[in-house]
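Following: one structure in C-alpha cells, then a few remarks.
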Amino acid sequence: MPPDAVAGATSQEIVIEVLRYRSEVDWKPVPQVYRVPFTDDMSVLQGLQYIKDHLDGTLSFRWSCRMAICGSCGMMIGGEPKLACMTFLRDYHPGPLRIEPLTHFPIERDLVVTVGGFVKKIESIYPYLIPKTPRRLDEGEYLQTPMQLARYETFSDCINCMLCYAACPQFGENPDFIGPGAMALLQRYNGDSRDGAQAMRMDLVHTDNGAWSCTAVGYCSEVCPKQVDPANAVNQNKTKSALDFFLRFVGRPAHSRTRTWEGGAP
C-alpha cells in the first residue's frame, strides 16, 4: 500500500540509491536511483517493497518474516550491515540512502547474494545435538538445569542473517575462514551439557581457518541484531583451543580433555 493511502499519515520523500546487478544485462553492478514516498513508521524493507510494487518490478531482494526472525533481509544500508526490516527510512531522510548487497559475498542478482558457502560452513560444525549416550523413549528426556542452559542460550539466538560475515574483515580477506556466525553456533552446541561431540567440533576450531584466524576486531558483535556476541564465542573457542594444545603437550588423554571443558577448570 502506498504511504499516502494510510489514513492520517504524513508522507515525505526520500532518495534511495540501490546497487543493481542483473547478469543478463549488466557486466558489473550499477547504482539506480528511486524517489520513494514514506511515512515515519516505514522500514527500509517497506521502501524496497514500494519500489518493486510501484516503480520497478525487476528489483530483486530477499525477505520473509518482516520481524527480525528469519534473517533473510540482511543488506548494506548506508554502508553498514543491517536488517532491512529493523531499519527505518526516517533515519536517513532526505537521502540519498545507498542500499547494497552484503559485502564479502558473491552477488547473485541485485541485493541477493549467494549463500552456498555460508551454508557449508554451518553444516561443517555438526549443527545438532549428538548425545553422549543414547536413551530410549521410556528413559525420558535429557534434563538440564537453568545454569547449564545459561552457558549457551545467548548463542542459540542466532538467525543466520550473515551480517557478522559482512562486518568481518578476516572473512573478506579469506573466504575459507569459518567466520563468526558458524563459530557462535558451534559454541551453542559445544556448551550444551547434553551434547557429546565437543571433540569433533574442536578439530575444526584448531584448523588454520578456525578460531585462530580471527583478528579480534569485534565488529561482528556490534552489528548482530540479536546480541548473540559471536566475538565472545570465538574468544571462548580460542581459550579452549589453547587449553587443548597445553593438554596435548603434557600428554593428557583426549577423553580427559573433553571432561575438563564440560566441567570448567581442570
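The values are calculated or read from the model by the stated rules, or taken from the named source; none is laboratory data. Keep in mind it's a predicted model, so treat the numbers as computed, not measured. When we count neighbours, we look across all protein chains shown, and the Cβ atoms used for this are built from the backbone with ideal geometry, even at glycine. Calculation scope for accessible area: heavy atoms of the full protein, side chains included, ligands and nucleic acids excluded. Shrake-Rupley method; radii C 1.70, N 1.55, O 1.52, S 1.80 Å.
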Checklist entry - How many residues, within region 143-163, are part of a helix (DSSP H, G or I), under 23 Å from MET76 (Cα atoms) and open to solvent by 20 Å² or more (accessible area, probe 1.4 Å)? => result 1
Checklist entry - Can THR58 be described as open to solvent by 30 Å² or more (accessible area, probe 1.4 Å), at pLDDT 95 or above and not charged (D, E, K, R)? => result yes
Checklist entry - Taking region 104-142, which residues are basic (Lys, Arg) and part of a helix (DSSP H, G or I)? => result LYS120, LYS121
Checklist outcome for this item: With the first residue restricted to region 232-243 and required to be under 16 Å from ASP203 (Cβ atoms), and the second required to be open to solvent by 10 Å² or more (accessible area, probe 1.4 Å) and in a helix (DSSP H, G or I), Cβ contacts under 6 Å at 6 or more apart or on different chains are LYS240/TRP261
Checklist entry - ARG257 versus (1) at pLDDT 60 or above; (2) surrounded by 18 or more Cβ atoms within 10 Å (Cβ to Cβ): which is the lone unmet condition? => result (1)
Next on the checklist: Residue under question is LYS52, and the condition is that it be among the basic types (Lys, Arg), within 25 Å of the chain's Cα centre (by Cα) and modelled with pLDDT of 95 or more; does it hold?
Outcome noted: no
Checklist entry - So, in region 181-200, of the ones that are surrounded by fewer than 19 Cβ atoms within 10 Å (Cβ to Cβ) and not basic (Lys, Arg), which residue ends up nearest to PRO134 (Cα to Cα)? => result GLY196
Next on the checklist: Of everything in region 64-90, what is of a type in the set (S, T, N, Q) and open to solvent by less than 50 Å² (accessible area, probe 1.4 Å)? Give them in sequence order.
Outcome noted: SER72, THR87
Checklist outcome for this item: Here the residues within region 219-254 that are assigned to a loop (DSSP other than H, G, I, E, B) and modelled with pLDDT of 95 or more are CYS224, PRO225, LYS226, GLN227, VAL228, ASP229
Checklist entry - Looking at region 36-47, is at least one residue outside any strand (DSSP E or B), among the hydroxyl-bearing types (Ser, Thr, Tyr) and under 14 Å from ASN160 (Cα atoms)? => result no
Next on the checklist: Whether any residue in region 170-180 is in a helix (DSSP H, G or I) and open to solvent by 60 Å² or more (accessible area, probe 1.4 Å) is what I want to check.
Outcome noted: yes
Checklist entry - For residues in region 91-137 being over 22 Å from MET202 (Cβ atoms) and among the charged types (D, E, K, R), which is most open to solvent (accessible area, probe 1.4 Å)? => result ARG136
Checklist outcome for this item: Those residues of region 201-228 which are loosely packed, with under 15 Cβ neighbours inside 10 Å and among the aliphatic types (A, V, I, L, M) amount to ALA216, VAL217
